[in-house]
Each structure stands twice: as structure tokens, then as C-alpha cells.
Amino acid sequence: MEEKRDNSEDWDFRGANTNEFTHCMHTYPAMMIPQIARKLILLYGPNAKTLLDPFCGSGTSLVEASLTDNIKEAHGFDLNPLAVLISKVKTTSIDQSILERAFDKLMTSRPNADPPTFKNIEFWFKPKVIQELAILKTAINNIKNKDVRDFFLVCFSEAVRDVSNTRNSEFKLYRIAKDKLEGYNPEVRLKFEKIVRNNIKGMEDYTDSRKNTNVSQKYFSSMDRLPLSKGSIDIIVTSPPYGDSRTTVAYGQFSRLASEWLDYENIRNLDSQLLGGRPSKGLNVGLKSPTLKEIIEKIAKHDEKRAKEVLSFYEDFDKCVKQLDNVLSKEGYVCFVVGNRTVKGINIPTDIIMVEMFKAHGDYEHIVTHLREIPNKRMPKQNSPSNKKGQKITTMNNEFIFILRKK
Ligand SMILES: C[S@@+](CC[C@H](N)C(=O)[O-])C[C@H]1O[C@@H](n2cnc3c(N)ncnc32)[C@H](O)[C@@H]1O
């Protein structure tokens, strides 16, 4: 397997513009670089008619699929309702003049608005900010056309994060320090306006270049039986989570405040529903990956609880592999962008483990694993693998893009 890791090609895309088209619309943790999805589709799916992203997040690969001539259908699934909304808006063309007109109307209306009452709202937002956000939200909800309304809700969601009392450089929820908070008075309408202007421009470029691809995205767990026909997918392009949300990327925490403003329910439980959200009961590695077995045994020697947490992620992932194998066509390609994390000082070669897991489910040829350095991906490069405060080590500087072909 090691010998198929290849770094002869440039997959870094250092300095590339990652904000083209609708990719500029909303921040999301661990976003895929659009150029990676583009290159993967070009290399491994030049004749593909159908694409699937089972962990579509903010929809990077779906946007790219809809910019190709050949892909006629692109499907995305995610368990984060905010991600599904962002991804829908980023792949739904709307005429610039329609957006401009709706925007003018929006900015001149100041409807009466009752602020939401979710827990700790006053901890995360200043009173004036709450008032202004509530007015904006009510005005947006008065827009009749659903696609236009959703477009502005995504702008609103991005603004919520910007004007909250959170430290915006972090994906986890941390409040601005008390001494800084006093002089912090974000201009809600100005911030919102700036985001809308930027997003209308992105949408204009996207609408000009979008091809005739049907894109659908669903709030759905890829561990469950996928609502797609057997053998119907020609190429899978995705970046799955790197591990459980609690100790890697907290998608739920990142999305929580915007989601509460958008009235999404159960957002506080989201992280526990994602892959690896609940620790395994035992340490019996029933999955057919010898590498995983070895790694879990090593971690368990240091810390059984951590070993169970790590194992649960791969147990959940195994359920996804079964589903993906079912919907992938013969000769279809699997393209996964993954990171290898370190737990208890032990590096986990997720790229190798996942290749072994696919091979255990079906007849797959491992074509290659491309190596790339992470120059600009928005990822926590450090975490606390021992879960002890202050103990931080670098988790990921490289990404691995593994390619499999179903025989
Ligand atoms: C690395 S992110 C994907 C980012 C995406 N490529 C982008 O560019 O925005 C992984 C995604 O997997 C989703 N996820 C985790 N467990 C899932 C599951 N069981 N089913 C569907 N999606 C899941 C998370 O909500 C998250 O959005």
C-alpha cells in the first residue's frame, strides 16, 4: 500500500483562488479546495454521468460537478441541516437582477420582529445585535420565492457568526474576552450588506458558468440505506470527517448559533450523531482492516477509552462503505480526501485503513494515493490528542487523496 502513495504530482494548489463562483458564499470547517474536486472529476470522471458526495458539507464537489459538461446528476448527503442549506443555495442559479431587487426591498423594510429565545442568546450576542438580526430575519422570511429566501438566509447565517460574541478565528465556540467585549459593537446591517454583495457577485459568475446538471442534496446519514439505485453512481468525490467531532472538527459547534437563529432543531446533539459520535462498547475490532486492528491495540495500551472513541468512528465509517459499495457502478471511481490524525502520539493512517475497508466490502483496485501538503485549508492544525489542556501537537500537515476503482 505504501508504495502507491505518490507525491510526484502537485495537489497543493498553493495560492489558488478558493473563492471562485459560489464557493465564496459561506465558511465551513474543513472545506475541500475546489481545485481538488475539479481535478479529481477531470482525471477520474471525464465520462461520468453521476456523482455522489456522501459527506457534502457546504457542497464544494457538487458545485464543481455542476460546472462540468458531462455530469448530469450530482447527489449530496449530510447530517448537518445548515450544510444542506448552504450546499443547496450554492448550486441553485438565480438571476442577479432578481437578487438585487429583493435585496433593495429587504434593506428598506424594518418589520416588527420578536427575537428568538434560545438558551444563552444573550451570552453570545449583544442586545442591539439581537434586535437587528431579528429584524433582518423577519424581513428575509417575508420573501415569497423560496430560492431567493434561502439565498438570503445563507448570507444571514454567515453574518450571524460575524456579529456574534465568538472568536471568529475558531470553529469551536469560544467567547471574546470580557475586556474586549465591552468595546465590541458590530454593525449588523453593514456586515450583512457586505456579505450579500460578495455572494451576489459569486452567484452571477456561477450562473454564467453553470451547466445542465441536476443537483440534489438531502439531510441524510450516509450510514443508512442511501436513497439511490444500486450501481447508479459513476464517481464518488468526498472528504469525510477526520474522526469524531468532539476531538477533531466540531461541525455542530461551528453551526450552532446560526442554526438556532434559523430554527433548526436538535442542533445541540448534532456532533453526537455524526461519524464516531458515540464511543464503541467494546474493543473487538470486527472490521476487516489489519492496520486498524494494530492501531486500536496500540492506543488501548495507553488509554482504553480513547481507543473505543477512535474505533467507533471506523465502525460508523464501515456502515457508509457498505452503502457506497452498493450504489457505485462497476468501473466506478472512489476519490476520498482524508487526513491522518494522531491520538496518544500514535499516527492513524486513515488513508490505508479506508482502502482496506473498501477492499473488504468489494472488489476494488487501489489506483493511487496522492499526497498533498495543506497550505490553506481551514483546519485546526493542532489539537489536544490526550485531551489535556495545554498539550497540543500538530495533527495534520498532509492530506491523502486515495483513488479506488470498482472492478
Ligand atoms: C470534511 S466535512 C465535508 C466538507 C465539504 N467537502 C466541503 O467542502 O464543505 C465532513 C462532513 O461530513 C458530515 N457528516 C458526518 N457524519 C455524517 C453522516 N453520518 N452522514 C452524512 N454526513 C455526515 C459532517 O456534517 C460534515 O459536513
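What number of residues within segment 33-84 are part of a strand (DSSP E or B) and either more than 8 Å from the ligand (Cβ to nearest atom) or in contact with a helix residue (DSSP H, G or I) (Cβ under 7 Å, 6 or more places away or on another chain) (or both)? So that I can check it myself, show each step before the final result.
At the first step, the residues of segment 33-84 found to be part of a strand (DSSP E or B) are 50-53, 73-78.
Okay, now just the ones that are also either more than 8 Å from the ligand (Cβ to nearest atom) or in contact with a helix residue (DSSP H, G or I) (Cβ under 7 Å, 6 or more places away or on another chain) (or both), so 50-53, 73-76, 78.
Result for segment 33-84: 9.
Checking the condition within 30 Å of LEU311 (Cα to Cα), of a type in the set (A, V, I, L, M, F, W, C), more than 14 Å from the ligand (Cβ to nearest atom) and in a loop (DSSP other than H, G, I, E, B), which residue from LEU173, LEU226 passes? Break it down stepwise before answering.
Working: LEU226 fails: more than 14 Å from the ligand (Cβ to nearest atom).
Selected residue: LEU173, the only one of LEU173, LEU226 that is within 30 Å of LEU311 (Cα to Cα), of a type in the set (A, V, I, L, M, F, W, C), more than 14 Å from the ligand (Cβ to nearest atom) and in a loop (DSSP other than H, G, I, E, B).
Quick check, is LYS72 in contact with an Asp or Glu (Cβ under 8 Å, 6 or more places away or on another chain), modelled with pLDDT of 95 or more, of a type in the set (Lys, Arg) and more than 14 Å from VAL337 (Cβ to Cβ)?
No: the conditions fail for LYS72.
Is it the case that segment 123-144 has a residue that's at pLDDT below 95 and assigned to a helix (DSSP H, G or I)?
So far as segment 123-144 goes, no, none of its residues is at pLDDT below 95 and assigned to a helix (DSSP H, G or I).
Does at least one position in segment 230-244 carry a residue that is crowded, with 21+ Cβ neighbours inside 10 Å, within 16 Å of the ligand (Cβ to nearest atom) and farther than 22 Å from PRO349 by Cα?
Yes, the conditions are met somewhere in segment 230-244.
Where residues in segment 111-141 are more than 28 Å from the chain's Cα centre (by Cα) and more than 29 Å from ILE176 (Cα to Cα), which of them is surrounded by the most Cβ atoms within 10 Å (Cβ to Cβ)?
This residue is PRO111.
Look at ASP303 and say whether it is away from the ligand (no atom under 16 Å from the Cβ), surrounded by fewer than 18 Cβ atoms within 10 Å (Cβ to Cβ) and closer than 30 Å to ASN165 by Cα.
Values: away from the ligand (no atom under 16 Å from the Cβ): yes; surrounded by fewer than 18 Cβ atoms within 10 Å (Cβ to Cβ): yes; closer than 30 Å to ASN165 by Cα: no.
For ASP303, the condition - away from the ligand (no atom under 16 Å from the Cβ), surrounded by fewer than 18 Cβ atoms within 10 Å (Cβ to Cβ) and closer than 30 Å to ASN165 by Cα - is not met.
Would you mind finding the one in GLY231, GLY202, GLY252 that is over 12 Å from LEU275 (Cβ atoms), out of contact with any Phe, Trp or Tyr (no Cβ under 8 Å at 6 or more places or on another chain), touching a residue at least 12 places away in the same chain (Cβ under 8 Å) and assigned to a helix (DSSP H, G or I)?
Among GLY231, GLY202, GLY252, only GLY252 is over 12 Å from LEU275 (Cβ atoms), out of contact with any Phe, Trp or Tyr (no Cβ under 8 Å at 6 or more places or on another chain), touching a residue at least 12 places away in the same chain (Cβ under 8 Å) and assigned to a helix (DSSP H, G or I).
Name the residue, out of ASP244, ASP263, that is within 24 Å of GLU132 (Cα to Cα) and not in a helix (DSSP H, G or I).
Numbers: ASP244 fails: within 24 Å of GLU132 (Cα to Cα).
Testing whether each residue is within 24 Å of GLU132 (Cα to Cα) and not in a helix (DSSP H, G or I) leaves just ASP263.
For segment 23-46, which residues satisfy the criterion of being closer than 17 Å to VAL237 by Cβ and in contact (Cβ under 8 Å) with a residue 40 or more places away in the chain?
Kept after step one, since they are closer than 17 Å to VAL237 by Cβ, are these residues of segment 23-46: 23, 28, 30-46.
Scanning segment 23-46 gives HIS23, TYR28, ALA30, MET31, MET32, ILE33, ILE36, ALA37, LEU40, ILE41, TYR44, GLY45.
The values are calculated or read from the model by the stated rules, or taken from the named source; none is laboratory data. Bear in mind the structure is a predicted one, so any value in this text is a computation, not a measurement. FYI the Cβ positions are ideal-geometry reconstructions off the backbone, even for glycines, and counts take in every protein chain you see.
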